[in-house]
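First comes the structure, then the notes that go with it.
The values are calculated or read from the model by the stated rules, or taken from the named source; none is laboratory data. In this text the structure is predicted, and so the values were computed from the model without any measurement. Please note: Cβ atoms are built from the backbone with ideal geometry, for glycine as well, and neighbour counts cover all protein chains shown. Note: areas computed on protein heavy atoms with side chains; ligands, DNA, RNA excluded. Shrake-Rupley method; radii C 1.70, N 1.55, O 1.52, S 1.80 Å.
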Amino acid sequence: MSFLNNVITGISLGSIYAIIALGYTMVYGIAKMLNFAHGDVIMVGAYVCFFATGSFGLHPVAGVLLAMVVCTILGMVIEGLAYKPLRQAPSLAVLITAIGVSWFLQNSAQLLWGAAPKVFTPVVSGGLSIFGGQLNISYVTILTVASCLVIMAVLSAFIGKGKMGKAMRACSEDKGAAQLMGINVNSTISMTFAIGSALAAIAGVLMCSAYPTLMPTTGSLPGIKAFTAAVFGGIGSVPGAFVGGLLLGIIEIFAKAYISTDLSDAIVFLALIIVLLVKPSGLLGKYVPEKV
Amino acid sequence: MALLQVNDIHVYYGSIHAVKGVSFEVNQGEVVTLIGANGAGKSTVLNTISGLLHPRTGGVVFEDHDLKGVAPHKVVSHGLAQVPEGRRIFLQMSVEENLEMGAFTQPGSTVEPGIADVYERFPRLKERRRQIAGTLSGGEQQMLAMGRALMSKPKLLMLDEPSMGLAPILVEQIFDIIKELHAAGTTILLVEQNAQAALAVADRAYVMETGKITLSGTGAELMASDQVQKAYLGG
Ligand SMILES: Nc1ncnc2c1ncn2[C@@H]1O[C@H](COP(=O)(O)OP(=O)(O)OP(=O)(O)O)[C@@H](O)[C@H]1O
Ligand SMILES: [Mg+2]
């Protein structure tokens, strides 16, 4: 049964990585940049929910919605203030700016909310106990996996069939041509940040419900791992983020359970390196040759 | 008054002065061609009209609208569509999705009839409607690029080297389509290196050399001109 428990824990952690990875991959797909501040948006979302439910006594659902609203606005403001002026700048300048934004968010959180960890109250409590208590599945786990599936389904439909979703794909392929079609590239990029950040808020709440320690650096490691998951699955690919996130979560939990807790992160990155050696564009990524 | 007026535009790429005081006009219903060698500045002129580039001085007037400061995605709504050089269709999207993108500024209810019109003109595209555009042949891709531009129901269609890289038979086909569109009343601004074919379909023509217009006249006049014969028609 411990094997099954590990599988379930892995899928649950992987679902969180997948939701975060979606934000990285969509922003990369359209803006061709790595938004390293994405992980810290998760942290902000978790804090907003923490205070909304804890200090203001809001219902958890209202707390999550508020966190989504705040993060959506935050994502659009970050894009507009920090990244939009750098549209034509070399990618290294954008990368350094993203790291700067990440630090800015972490330090602001520390200033506002202190460095001491807070204990996050899970949005749902309790769980299922089956096989006479041998297998325990918490409601947080069920909620996490279900959220991930719903998000994937809705987002795939939006990108595949929706008018704005198609415009996003058009922008990600060729911004100049998209403009010639009448697509407003700036607002499409802004929308992508908005969606990614709203998802980050959900991920933040789910993650802190499963692992309840909340502090200003809470988002940073999961952010990096989710970025790894996005690269693993093929950066720019939405199904890739899903597959990459799930696999990464499972590998991490299995490494912890059967190999070594200390080495689990190293094993995760080793898996990434192997995948990239075999398929440089990631599991589901398309190999796009450089234009000559 | 002319449908499109380009007034003494100067366009720079950083410190490179690519277009040096170009003026010309396109009247309703005309096919006007802009010919010239590589690097003359033809694409730069079209991209300036489309709003992707901004003239340092001079301006573009379409119908009665000064396009100064109009964002590129708004230019389409004025009735100006461009088929860019190298087609630049969305290679990872299907044929039909490309056409839908062409109708981005159009009300939803007109998209389907618009697609049906394009399929009627280009039956090949209909057969391949679900195919990913990147897998189309060069000629089909050019048809898709033209069909996509027509989806916005443009008052002026700008084509940048539509015959580039196509086999002679397909070049002929593309020029036949231009003639058909012309006959149907579409106003066209055609940029070409294939001077022979372009002059043959054009009502009027301009010759560009290193950022300036050096010659203009009717298609037939330029076809007969010594200068054009020597420089572009190998005569
Ligand atoms: N993005 C750019 N940056 C710098 N210079 C550019 C850029 N695009 C074009 N140029 C320069 O501007 C000049 C005009 O280029 P343009 O593309 O308009 O020529 P063209 O007439 O369309 O040529 P072709 O027939 O080869 O397409 C050329 O000297 C070119 O090198
Ligand atoms: Mg050109």
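Quick look at the numbers
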read-out: Only listed residue being of a type outside the set (S, T, N, Q), surrounded by fewer than 18 Cβ atoms within 10 Å (Cβ to Cβ) and away from every other protein chain (no Cβ under 14 Å), chosen from A:ILE151, A:ILE142; value: A:ILE142
read-out: Members of segment A:179-235 that are in a loop (DSSP other than H, G, I, E, B), among the small types (Gly, Ala, Ser) and at negative phi; value: A:GLY219
read-out: Filtered residue count, segment A:171-184, keeping only those that are within 21 Å of A:TYR24 (Cβ to Cβ) and open to solvent by less than 10 Å² (accessible area, probe 1.4 Å); value: 1
read-out: Residue pairs meeting the criteria (Cβ under 6 Å; at least 6 apart or on separate chains; first within 14 Å of another protein chain (Cβ to nearest Cβ), in segment B:58-74; second surrounded by 16 or more Cβ atoms within 10 Å (Cβ to Cβ) and of a type in the set (Phe, Trp, Tyr)); value: none
read-out: Lone qualifier among A:VAL231, A:VAL205 - being open to solvent by less than 50 Å² (accessible area, probe 1.4 Å), out of contact with any Lys or Arg (no Cβ under 6 Å at 6 or more places or on another chain), closer than 29 Å to A:VAL278 by Cα and away from chain B (no Cβ under 14 Å); value: A:VAL231
read-out: Residue check, A:TYR24 touching a residue at least 60 places away in the same chain (Cβ under 8 Å), in contact with a His (Cβ under 7 Å, 6 or more places away or on another chain), of a type outside the set (A, V, I, L, M, F, W, C) and surrounded by 24 or more Cβ atoms within 10 Å (Cβ to Cβ); value: yes
read-out: Selection status of A:GLY196, within 14 Å of another protein chain (Cβ to nearest Cβ) and either surrounded by fewer than 24 Cβ atoms within 10 Å (Cβ to Cβ) or not hydroxyl-bearing (Ser, Thr, Tyr) (or both); value: no
read-out: Within segment B:81-106, considering residues that are facing chain A (nearest Cβ under 7 Å) and within 16 Å of ligand 1 (Cβ to nearest atom), the one farthest from the chain's Cα centre (by Cα); value: B:ARG88
read-out: Any hit, segment B:124-143, residues being under 14 Å from the mean Cα position of the chain (by Cα) and away from ligand 2 (no atom under 16 Å from the Cβ); value: yes
